[in-house]
Amino acid sequence: MKPPVNASVNAHAQRSLPALLLALLLALLPLALLSSAASAQDAPALESLRPLVDALGKGSFTDTEKQVTALAATGDPAVVPALEALGNGDLYLRKADGAVVIGKRAGSGLALTDPLTGEALEPVAASGLDKIRVNNRLRRTIRNAVGGLTLRAADTRVRRQAAEAIFKAQDAEAIEALDDAIAAETDAGVAKLMREARAAAVLASDLPTDEKIAAIDTLAERGDRDALSMITAVQNSGATELQEAAGAALARIQKLQAVWDMARNVWFGLSLGSVLLLAAIGLAITFGVMGVINMAHGEMVMLGAYTTFMVQNLFRLHAPHLFDYSLLVALPAAFLVAGLVGVAIERGVIRFLHNRPLETLLATWGVSLILQQTVRSIFGPTNQEVGNPAFMSGAFEIGQLTITYNRLWILVFALTVFAALLIAMKFTRFGLNVRAVTQNRRMAASMGIRTPLVDALTFGLGSGIAGIAGVALSQIDNVSPNLGQSYIIDSFMVVVFGGVGNLWGTLVAAMSLGVANKFLEPVAGAVLAKILVLVFIILFIQKRPRGLFALKGRAVEA
Amino acid sequence: MTRFSRNFFAGMALSGLMASTAVTGAFAQEETIKVGILHSLSGTMAISETTLKDVMLMLIEEQNKKGGLLGKKLEAVVVDPASDWPLFAEKARELIEVNKVSAVFGCWTSVSRKSVLPVFEELNSLLFYPVQYEGEESQRNVFYTGAAPNQQAIPAVDYLMNEEGVERWVLAGTDYVYPRTTNKILEAYLKAKGVAEEDILINYTPFGHSDWQTIVSDIKAFGSAGKKTAVVSTINGDANVPFYKELGNAGIKAEDIPVVAFSVGEEELAGLDTGPLVGHLAAWNYFQSVDTPINAEFIETWKAYIGDDKRVTNDPMEAHFIGFNMWVKAVEKAGTTEADAVIDAIIGVAVPNLTGGYSAMMPNHHITKPVLIGEIQEDGQFETVWETSGLVVGDAWSDYLDGSKDLIADWRKPMSCGNFNTVTGKCGGSGS
């Protein structure tokens, strides 16, 4: 809190001393008020709030809403914990005495605290508690109430949230409170948010037109979709002058939005591309390098996802506090499981069907059905819940581009896997063997390379990579026996488009198909976009049958 | 190695076989009444339909404990149409012709129902269809125990309009017959209520769509036009999970843009971290959370039968519960399981539903149901926030579509018609 105060002092230093003193006083006054208010929270004052809090537990949604408004009207920050708990569904009615308590999940039971004093309470069996239900309207009311009560909180983050809540509420009655809060605000970022919230509130009020025009300017500065929404509402209703100002502001925002839309599409495209890359990269090995049409590839992805589910279950049972690391364990586990199944398929089926692509296709398709039904028999047909670790939940914003963490991590992960695979193929002895066998099997065999072993290991590697793709996909898709089916076509599409036998081709193909799909989707719709991409690939393959990056050289045709 | 892999595959094939072959009830030593169960136990729809097979087996077992029907034991005949639509017709024929079942309980998707319709008509048997569907159909041999659009979609839209003040609508669905027809009805209904063309956004996605980034971003953009916006979702099955995940990650809260879904129930939520979904809505005729003695008993029986305390109950299960009890009552009333007698006897039969009232079979082969709107809670259950004051009669032909608003269905004699045109006064207007 200190540096901002100093900054404001410096800013005023050019002026006269009395003005400076006044500014200092003004800056400190609310702080002093706040701290005195906090210390004034003695027991009797708190207890006077109790009937209001206890009333939250009674009546219908409409009654509760009235109670929330009444609590907000006290203007006492002491009621905030109770309101927040209500909004989060953590508020309970203790049946024994009708008191309202906060219950936070702790282990198998609930840890109870007093909503006003925050003291821990005697635990009560779950049957002795009634959860106080909330609906959307109530949640909105609570959000606004908490926003109003925490505008002057000591924590910058809380004030930021409060300003955002009030911004969304667009409540004309909040203007006065906002004016006070802006005057007292020391953090430039929060002050800006508060001015925007004030502008939003002004638009909803019956203040004179020039104030509203100023408010439109402030909002146009913000330039996001919320601002767009509010200004559009004004344009549809306000006075002529106002409509003109709104029109101009809208044009400005829309121009900005068009640029961000572009950025958004590129990001969505890269993200879709990374998913395609993950799904296809294992296939690029088994199909691209070995030339095996493996219809069970998608099921390897599914096995990886189910391995993740199993690993997470073990973590939930034995080490719940380490849950965030479960994916790190799931990765090698999924690689091993899928890889071993892959080796088994190669040894058990594919090697007998060497150079018979049609039989291979049918046999692996049969294997895929068997794997699906086996998983269905063991785990049941319903979706299994795979949790997102904390670092993969939520989103952050760059300008107006919302980037979700899970998508970002998957992009990073896909590129890492790609790089690792490239290095393995280029610089290891195994990679050398694989390339030798694919280029000329007989020659490689006569040089002393054990081609059956290389075949089995290569297939295992491709399947193992499909398995770790399953770990990543379990984070964004649902884990069911059908998981693999939805990726098999896309994977083949990417590998064929990129050029069979070329890993770089797979990367370029996945990314370009992803981006192309995402630029088409807003224009043509999801269904048509997919069809258009497919048609494009068919035409492209007519022109260049060997894909984007055809293997050149003396590779012996099988 | 070879031996190992052979055994390995034999084992896998066996387990696959066990799941897909018919699991028949007790061996028939005495004469039994056979009941066919036509639900996919493998393939994409197994996720939803397997549960319905289990609930039917449970209902039959319960009925046998009560002494069976007409002094005979009931015997379940289960077949697996494997989510393969033409196979549904074959399996239906097998049930009726080979196994001689008295009634069939089954189907989930509309396309599977359409594929078995001719079979039931030709062989004159009974089908009880337990899933909410798009309406525009009434067939003599079929009883629709799920919701028609006016028992689910229209009340949900009314709720959003009146209680949440929604003025702008996104109709998002999977690209097939149920969402398309439902959205057509909803669009006509919204326009009749004075919603402007530009305030409705209709969006279709392929089956199993998993990349929702663009659509969620479009919804966000559509929602920023200064009017309260809501999403009406007819997104089917598996695609819901990534959709809701994307919504949660993109920070779209139910307070800002609520999503009301017609295909998301307790079972779908079971595979999902519901934290970010709290407050989003679903419209059904039954929720597991409904607090009635009969429902508590049903849940307890179900959990005991399935042997898993975590399994949930859902709306189509209740529909089978109602449908099965109606059939039992109609057979008792008719004194025979013969199809024509049961078809005549079942109209007007009323049985308790699980929400504390009675559901009755109407002459159009649809039933009366209450409509509930629920909000998703953190524990994957729904909290009822609104319900219709009385029962709603299922309407086979929508009142909001051209070509269907003049049609009525009435299978009582002398009309006996599934699509009677009230304008021309003739049976056989448009539609099937």
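Read-outs throughout are calculated quantities, based only on the coordinates presented, and are distinct from any laboratory measurement. These numbers were taken from a predicted model, which means no experiment stands behind them. Cβ sites come from the backbone with ideal geometry, for glycine too, and all protein chains shown count toward neighbours.
Quick notes on this structure:
- Under 5 Å, built H, 5+ apart or other chain: amide partners of B:Asn236: B:Thr174
- Rounded to the nearest 20 debye, the dipole size of the protein assembly as shown about its Cα centre is 3980 debye, using +1 on the Cβ of Lys and Arg and -1 on the Cβ of Asp and Glu.
- Residue list for region A:484-501, given a label point 7 angstrom along the Cα-to-Cβ vector of A:Arg546 and an amide N cut-off under 17 Å: A:495-501
- Relative protection proxy for A:487-493, B:338-344, from highest mean packing down: A:487-493, B:338-344 (other beta-carbon atoms within 10 angstrom).
- Residues A:Phe413, A:Phe396 arranged by fewest to most Cβ contacts within 10 Å: A:Phe396, A:Phe413
- Filter on A:Lys131/B:Lys310; B:Lys114/B:Lys333; B:Lys66/B:Lys333; B:Lys73/B:Lys413; A:Lys104/B:Lys220 - keep pairs with C-alpha separation over 24 Å: B:Lys114/B:Lys333; B:Lys73/B:Lys413; A:Lys104/B:Lys220
- Average beta carbon contacts from partner chains per residue of A:366-376, 10 Å cutoff: 5
- Order of B:Tyr144, B:Tyr189 under a 10 Å beta carbon neighbour criterion, fewest first: B:Tyr189, B:Tyr144
- Averaging Cα coordinates gives a centre for region B:255-297 and one for region A:248-310; these two points are 30 Å apart.
- For region A:441-508, diffusion coefficient by Stokes-Einstein and Kirkwood Rh (Cα), 4 °C, 1.567 mPa s, µm²/s: 91
- Peptide B:238-251 has a mean of 4 when you count, residue by residue, the C-beta atoms of other protein chains within 10 Å of its C-beta.
- Centre-to-centre separation between the Cα atoms of region B:377-432 and those of region A:433-497: 53 Å.
- At R0 = 22 Å, FRET efficiency that the Cβ-Cβ distance of A:Met447 and A:Asn355 yields, to 0.05: 0.60
- Counts of other chain beta carbons within 10 angstrom of each beta carbon in peptide A:523-531 average 4.
- Long-range amide H partners of A:Asn478 with built H, under 5 Å: none
- The listed peptides B:49-55, B:177-183, A:220-226, B:288-294, ordered by packing as a protection proxy, come out as B:49-55, B:177-183, A:220-226, B:288-294 (highest mean of other Cβ atoms within 10 Å first).
- Net lengthening on full extension, B:Glu122/B:Lys72 (0.36 nm per residue, minus Cα-Cα): 15.3 nm
- Taking a point 7 Å from the Cα of A:Ile398 along the Cα-to-Cβ direction, the residues of region A:259-295 with backbone N closer than 19 Å to it are A:259-275.
- Estimated FRET transfer efficiency when R0 is 51 angstrom, pair A:Arg435-B:Val111 (beta carbons, to 0.05): 0.60
- Approximating the spin labels as points 7 Å out from Cα along Cα→Cβ, the A:Leu539-to-A:Lys426 distance works out to 3.5 nm.
- Cα→Cβ-extended label distance, 7 Å offset, between A:Glu176 and A:Arg252, nm: 3.1
- Calculated FRET efficiency for the pair A:Glu211/A:Thr74, C-beta based, R₀ 41 Å, to 0.05: 0.85
- Distance from region B:93-133 to region A:376-407 (C-alpha centre basis), Å: 39
- Taking a point 7 Å from the Cα of B:Glu197 along the Cα-to-Cβ direction, the residues of region B:159-191 with backbone N closer than 18 Å to it are B:168-171, B:184-191.
- Derived scalar couplings ³J(HN,Hα) [region A:90-97; Karplus, 6.51 cos²θ - 1.76 cosθ + 1.60; whole Hz; x for Gly, Pro]: 9, 9, 10, 9, 7, 5, 4, 10
- Protection proxy ranking of B:399-408, A:496-505, by the mean of other Cβ atoms within 10 Å over each peptide's residues and highest first, is A:496-505, B:399-408.
- Taking B:His365, B:His280, B:His209 as the candidate residues, the one with maximal mean-square fluctuation in a Gaussian network model of chain B, Cα springs under 10 Å, is B:His209.
- Per-residue HN-Hα couplings for region B:414-422 [Karplus 6.51, -1.76, 1.60; θ = phi - 60°; Hz; x = Gly/Pro]: x, 5, 6, 9, x, 8, 7, 8, 6
- Label-to-label distance for A:Trp504 and A:Leu121 is 6.8 nm, based on points extended 7 Å past Cα in the beta-carbon direction.
- Along region A:381-397 the Karplus relation, 6.51 cos²θ - 1.76 cosθ + 1.60 evaluated at θ = phi - 60°, assigns HN-Hα couplings of x, 7, 5, 9, 8, 10, x, 8, x, 4, 6, 10, 9, x, 8, 9, 10 Hz to successive residues, with x for each Gly and Pro.
- Beyond 26 Å in Cα-Cα separation lie the following of the pairs B:Lys100/B:Lys329; A:Lys255/B:Lys184; A:Lys66/A:Lys192: A:Lys255/B:Lys184; A:Lys66/A:Lys192.
- Potential extension, B:Arg412-B:Glu332 segment - 0.36 nm per residue separation minus Cα distance: 26.9 nm
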